[in-house]
Structure formats: C-alpha cells, structure tokens
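Worksheet: one structure, shown below.
Computed from the coordinates by the stated procedures, all read-outs in this text should not be read as laboratory data. All figures in this text were calculated on a predicted structure; none of them were measured in a lab. Virtual Cβ from ideal backbone geometry, glycine too; neighbours counted across all protein chains shown.
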Amino acid sequence: MAKLRISDDWWTAPADSDNGNLILVTGRRAMDNVIATGLYRYRVEVTWPYDGDERGLPPYADSKVMEEVTDALNACFDADPVAVMTGIYTGDGQRNWVFYTRSLHIFQRKFNEVMAPFPALPLQFEAEEDPDWQEYREMSLCEIADSDD
C-alpha cells in the first residue's frame, strides 16, 4: 500500500479573539486526500496556556519552545502518520495545536515520547470524534486568499 501523502503547505492569517486580542491562525492546506480516507476520525486539541504580553502573545522564551515542540511533533507524525497536525492557534494567552488522529491511545503514546526531552509544560488536552473534520473546515475559512490570483 502506498504511503499517504500529507501536505506540508501551511498558511497563517490574523484573527481576533472575543476580547479583541490578536490570534495567529496557522493551517495546513490540501488535506482532502487525508479526509477522504475516513481514518482520521478523532480531533485532539492540545492547549498550552501562558502569560501573554499586552496583546496576548507569548513571551519570546515560550515562543521558542513552542516552535521546537511544533517541529518535533510534526517530525514524529510525518514519520508515522497515526496523526496529522492541521492547525495552530497562538494568541490571547494560549497556544493550541489541533490534530486529527486514527487512534487516541497511539496518539497519546507518541505525543508523550515526543515531549519526553522537553521540560514539563502546562498542557491541557481535549479529544472528540470529528469524522467530518468540522473544526478543520471552519479554520480553513480564516485563510486569506492570495491576491496574485
């Protein structure tokens, strides 16, 4: 069986939180082939709350660790696509990573393996079935169309 091709094409756009703080929304493009498999039925949201600046953005030291964690998670799931990171929200005092996964149990095990070298972080987890990728579809509406079209 051929390996599933997962896009590595990302976009970022600004959005506003309910209280007017800036949120940077980063989404992965071209996920239709992954959605079509019907295998990635569970959405997992991992949240890292932080003390933000006056605009709700993370301190530099936290943002560096956030990027290292993002890179490590993507590398893990690129090598073993039991899950795929589809979105990242940063702002209003929290970083949220959104994943779709085939298995909550395997996702948890892989996630813990990736996080082992990092310092303990105040992460919160939510998981639910989302076989239609509703959150992904809503997030994709934030993408700003390329003006070169």
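To make sure I understand, if each residue's beta carbon is the centre and we count other beta carbons within 10 Å, what order do 43, 29 fall in, fewest to most? Show your work: numbers first, answer last.
Numbers: 43 21, 29 13.
Sorted ascending by nearby Cβ count, the order is 29, 43.
For the stretch 50-125, how big is Rg over Rh, using alpha carbon atoms and the Kirkwood form of Rh?
On the way: Rg = 12.9 Å, Rh = 13.1 Å.
On the Cα set of the stretch 50-125, Rg over Rh gives 0.98.
Return, for the Cα atoms of the chain, the radius of gyration and Dmax in Å, separated by a comma.
15.4, 51
Starting from the 7 Å offset along Cα-to-Cβ, what nm value, one decimal, do you get for the label separation of residue 63 and residue 19?
Those two pseudo-labels are separated by 2.0 nm.
Which ³J(HN,Hα) values in Hz, rounded to whole numbers, follow from the phi angles of the stretch 29-46 under the Karplus curve 6.51 cos²θ - 1.76 cosθ + 1.60, where θ = phi - 60° and Gly and Pro get x?
Ordered by residue, 3J(HN,Hα) equals 7, 6, 9, 4, 5, 6, 4, 4, 5, x, 8, 8, 8, 10, 9, 10, 10, 10 Hz.
Considering the dipole of the chain built from charges on the beta carbon (Lys and Arg +1, Asp and Glu -1) around the Cα centre, which of 107, 86, 97 is farthest to its positive end?
107
At what distance in angstrom do the alpha carbon centres of the stretch 1-50 and the stretch 85-110 lie from each other?
Between the Cα centre of the stretch 1-50 and that of the stretch 85-110, the gap is 9 Å.
Can you tell me the order of 120-129, 61-70 when each peptide is scored by its average per-residue count of other Cβ atoms within 10 angstrom, highest first?
Values: 120-129: 11.2, 61-70: 14.4.
Top to bottom by mean Cβ count within 10 Å: 61-70, 120-129.
Report the gain in length on full extension from residue 30 to residue 144: 0.36 nm times residue separation, minus Cα-Cα distance, nm rounded to one decimal.
Result for the pair: 39.6 nm of gain on full extension.
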